[in-house]
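Enquirer: Handing you this structure, nothing more for now.
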Amino acid sequence: MLKKRYFAALFAFMLLILSACGNSQTKEADAKTKKAEPKAAPTEMILATTTSTQDSGLLDVLIPMFEKENNVKVKTIAVGTGQALEMGTKGEADVLLVHAPAAEKAVVDAGDAINYKRVMYNDFVLVGPKENPAGVSGDDIQAAFKKLAETKSIFISRGDDSGTDKKEKGIWTLLNIKPAGEWYVSTGQGMGQTLQVAAEKKGYVLTDRATWLAQSKNLSDMQIVVEGGKDLMNIYHVMQVNPEKHDKINSKDAKKFVEFMIDPKTQDVIENFGKKEYGQSLFIKYTE
């Protein structure tokens, strides 16, 4: 009897060992299967944006964050705001990040863009050669432009229908001045390149503060001469291209990008961008 009980106990113990081994092998097999499963390929999204967000370096920080969090590959096309908005109206981009409120409103009102959100702001500044031959200063940008025209001081314009270009042209329009002649040079290029041309020609140029700060180390002969005016605020908005008008739009990821840009964590990154290197924020968070 004792012998039978011994063998029964031994048999049960062996079954327990075999069961444990089986479970271990099953778990190991499951783990290998999960490990072998390929990661889903990232989706693709086109962002049309202004050159200032690119030239400032902000997108080099934000885009990798968004891509990692959402398994998305972002194709960034940095052009003037006018061109970026046109891409939206043609359905050639999924999401827009731009800074020309009046032009943006027209696109939204036409139904080409939806989910329109304010993201951040900085300001425009007038930059010129350190010797400042025109003698412009202070915070009155209209007075400065008028004096530049009267003295025919070299002025470098982007001339690319960007947000900055629209702002500059708007100031000339308010003054009823049509700038022309050898003193007025149009580059047709982005903000970074236009600043370089201004430095080479010892001219004046209207720029956003972020690009100026990011490029100023290479522009040692230039300085800010006019800043701080109430009409120099530079506001950036983000918006989706409307999928109901453009059926090939990646609206799912575009919506995610809008939500990402106004998320408090992203807003903190925007607010702190540049503080360590330049002693001040290049952009200020500005959510609704």
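The values are calculated or read from the model by the stated rules, or taken from the named source; none is laboratory data. Predicted model, so just to flag it, every value in this text is computed and none were measured. Note that each Cβ is placed from the backbone with ideal geometry, even for glycine, and that neighbours are counted across all protein chains shown. Only protein heavy atoms, including side chains, enter the accessible area calculation; ligands, DNA and RNA are left aside. Shrake-Rupley method; radii C 1.70, N 1.55, O 1.52, S 1.80 Å.
Enquirer: Would you kindly compute the Cα radius of gyration of segment 122-232 and its largest Cα-Cα separation (Dmax), both in Å?
Expert: 12.3, 35
Enquirer: Another question about this same structure. Could you do me a favour and compute the accessible area per residue for segment 122-232, 1.4 Å probe, result in Å²? Could you put the intermediate results ahead of the total?
Expert: Details: 4930 Å² over 111 residues.
The answer is 44 Å² per residue.
Enquirer: Which aspartates and glutamates, if any, have their Cα less than 15 Å from the Cα of K152, not counting same-chain residues under 8 positions apart?
Expert: Answer for K152, where 15 Å is the Cα cut-off: E182, listed by chain and number.
Enquirer: Enumerate the calculated ³J(HN,Hα) couplings along segment 92-108 in order (Karplus 6.51 cos²θ - 1.76 cosθ + 1.60, θ = phi - 60°), each rounded to whole Hz, writing x wherever the residue is Gly or Pro.
Expert: 9, 9, 9, 8, 10, 10, 9, 8, 9, x, 5, 5, 5, 4, 4, 5, 5
Enquirer: Between K130 and I77, with labels modelled 7 Å along Cα→Cβ, what's the label distance in nm to one decimal, could you check?
Expert: Once both label points are built, they end up 4.1 nm from each other.
Enquirer: Continuing with this model, one more query. What do you get for Rg/Rh of segment 163-279 when both radii come from the Cα atoms and Rh is the Kirkwood radius?
Expert: Numbers: Rg = 18.3 Å, Rh = 17.5 Å.
Result for segment 163-279 is an Rg/Rh of 1.04.
Enquirer: What's the center-to-center distance, using Cα atoms, between segment 260-280 and segment 57-88 in Å?
Expert: Comparing the Cα centres of segment 260-280 and segment 57-88, I get a distance of 16 Å.
Enquirer: Moving on. State which entries of K178/K217; K90/K117; K201/K285; K73/K265; K68/K90 exceed 24 angstrom in Cα-Cα distance in the structure shown.
Expert: On the way: K178/K217 33 Å; K90/K117 20 Å; K201/K285 35 Å; K73/K265 20 Å; K68/K90 28 Å.
Check vs 24 Å cut-off fails for K178/K217; K201/K285; K68/K90.
Enquirer: Moving on to the next point. Consider just the alpha-carbon atoms of segment 171-233 and return their Rg together with their Dmax, both in angstrom.
Expert: 12.6, 35
Enquirer: Under Stokes-Einstein, with the Kirkwood radius over Cα pairs standing in for Rh, what whole-number D in µm²/s applies to segment 30-180 at 20 °C and 1.002 mPa s?
Expert: Numbers: Rh = 18.4 Å.
Value of D from the Cα-based Kirkwood radius: 116 µm²/s.
Enquirer: For the ranges 87-98, 186-197, 110-121, what's the packing order if you count other beta-carbon atoms within 10 Å of each residue, average per peptide, and put the highest first?
Expert: Numbers: 87-98: 23.0, 186-197: 20.2, 110-121: 18.3.
The most tightly packed comes first, giving 87-98, 186-197, 110-121.
Enquirer: Hey, any idea what % of segment 135-288's accessible area is carbon plus sulfur with a 1.4 Å probe?
Expert: Numbers: 3530 of 7580 Å².
On segment 135-288, the fraction of accessible area on carbon and sulfur atoms equals 47 percent.
Enquirer: Would you mind computing, in nm to one decimal, how far apart the modelled labels at K202 and T151 are, each placed 7 Å from Cα along Cα→Cβ?
Expert: 1.3 nm
Enquirer: Collect residues whose amide H, placed 1.01 Å from N in the peptide plane, falls under 5 Å from the amide H of N242; neighbours closer than 5 in sequence don't count.
Expert: A113, I114
Enquirer: If each DSSP helix of 4+ residues adds -39,500 (n - 2.57) and the sum is divided by the residues in the chain, what number results at 222 nm, nearest 500 deg cm²/dmol?
Expert: Numbers: 12 runs with 137 residues, N = 288.
Calculated at 222 nm, the ellipticity per residue is -14500 deg cm²/dmol.
Enquirer: What does the extension gain come out to for Q280 and D247, with contour length at 0.36 nm per residue minus their alpha carbon separation?
Expert: Values: separation 33, 0.36 × 33 = 11.88 nm, distance 4.20 nm.
Fully extending the segment from Q280 to D247 adds 7.7 nm.
Enquirer: Now a separate question. So if each residue of separation counts as 0.36 nm, and I subtract the Cα-Cα distance between T173 and D60, what length gain in nm does that give? Display every interim value, and only then the final one.
Expert: Values: separation 113, 0.36 × 113 = 40.68 nm, distance 3.53 nm.
Here the answer is 37.1 nm.
Enquirer: What's log10 of I(q)/I(0) for the chain at q = 0.07, 0.11 Å⁻¹, Debye sum over Cα points only, no solvent?
Expert: For the requested q values the scattering log ratios are -0.36, -0.69.
Enquirer: Then there is this: Given H placed 1.01 Å from N in the peptide plane, which residues other than close sequence neighbours of M120 have an amide H under 5 Å from its amide H?
Expert: Sorted by chain and number, the residues that satisfy this are Y236, Y286.
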